[in-house]
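To start, the structure itself, in structure tokens.
The values are calculated or read from the model by the stated rules, or taken from the named source; none is laboratory data. Owing to the predicted nature of the structure, the values given are computational and were not obtained by experimental measurement. When we count neighbours, we look across all protein chains shown, and the Cβ atoms used for this are built from the backbone with ideal geometry, even at glycine. Side chains included, ligands, DNA and RNA excluded: accessible areas come from the protein's heavy atoms. Shrake-Rupley method; radii C 1.70, N 1.55, O 1.52, S 1.80 Å.
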Amino acid sequence: MLEIDKCAYTNALRNTNPMAKLLISFLALTISVIINNIMLHFLVMLIVSFLIIFIAKVNIKLYIKCLRIPIYFLIIGTILNMINISFENQGFIFNIKVFNLYIGTTLFSVKNSIYILLRAISSVISIYFLILTTPFNQLIIILKKLHIPDTLVELMVLTYRFIFIFLEEIKDIYKSQELRFGYINLKNSYNSTALLIKILFFRMMRKYEDMSITLDMKLYDGKFHI
């Protein structure tokens, strides 16, 4: 089981009304997206983080680990957004000249990038509140109450199931190859990776066929009744 999924099923808010958790997440996300105020973004981050760590009792190391990857991408995007290219040397805080072009950053781009970064981080944290505190079966209940088409719900359930099958198969194949020194050097690593992909494809197709047979035996009618 994935750490995030395990957290959703073991946190202190797991039995709380899922619609209430959705409302809190949606409200925090709406404030983050619509209102352009630095202090308000910080307030949303603090309040939602408090709910996740102290109320839901999510492991702080897991919470930081979850935030680390999106924040890395956001910081890279923010740095790129701060770069300006112009033919004129006006309004730059810092710039370098390359041929006839000035490459640097302006005060406006710095302020704008900071607003975008804080808005994005507060939005991510708002979404993580729902993800880390709401088990998947509760998410399905929410989707049904919102009258989401059954086809989309079915796709979500099957995709969710196959994620775990996929990860489990990769883990088993990789461990088997590693025990046979399949990754002892670069050449063997390339061959083992290619073989892993090939075996994984056939195993996933077999798992899909087994699941289809199982669903047919249980008289599956296209709807998952939760």
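Listed values, structure above:
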| read-out | value |
| --- | --- |
| Size of charge dipole - the chain - debye, nearest 20, with Cβ of Lys, Arg +1 and Asp, Glu -1, no other charges | 420 debye |
| Where chymotrypsin sites (Phe, Trp or Tyr not before Pro) in DSSP loops with at most 16 other Cβ within 10 Å are excluded, longest remaining stretch of the chain | 1-86 |
| Cβ-placed point charges (K, R +1; D, E -1), dipole of segment 149-218 about Cα centre in debye, nearest 20 | 420 debye |
| Rough spin-label spacing in nm, given labels placed 7 Å along Cα→Cβ, for K207 and F136 | 1.1 nm |
| Accessible surface, 1.4 Å probe, highest first, among residues M45, M82 | M82, M45 |
| Label point 7 Å beyond Cα of F73 along Cβ direction - residues of segment 1-35 with amide nitrogen under 12 Å | none |
| Extension reserve of the I93-T151 stretch, reckoned as 0.36 nm per residue once the Cα distance is removed | 15.6 nm |
| For segment 150-226 versus segment 43-69, the gap between their alpha-carbon centres in whole angstrom | 31 Å |
| Extended-chain gain in nm, criterion 0.36 nm per residue less alpha-carbon gap, A194 and M217 | 4.8 nm |
| Net dipole in debye of segment 52-122 [+1 Lys, Arg Cβ; -1 Asp, Glu Cβ; about Cα centre; nearest 20] | 440 debye |
| Signed unit charges on C-beta, dipole axis of segment 3-140, positive-most listed residue V44, I75, N95 | V44 |
| Over the chain: helical MRE at 222 nm, DSSP H runs n ≥ 4 each giving -39500 (n - 2.57), nearest 500 | -24500 deg cm²/dmol |
| D_trans [Stokes-Einstein, Kirkwood Rh over alpha-carbon pairs] for the chain, 37 °C, 0.692 mPa s, µm² s⁻¹ | 152 µm²/s |
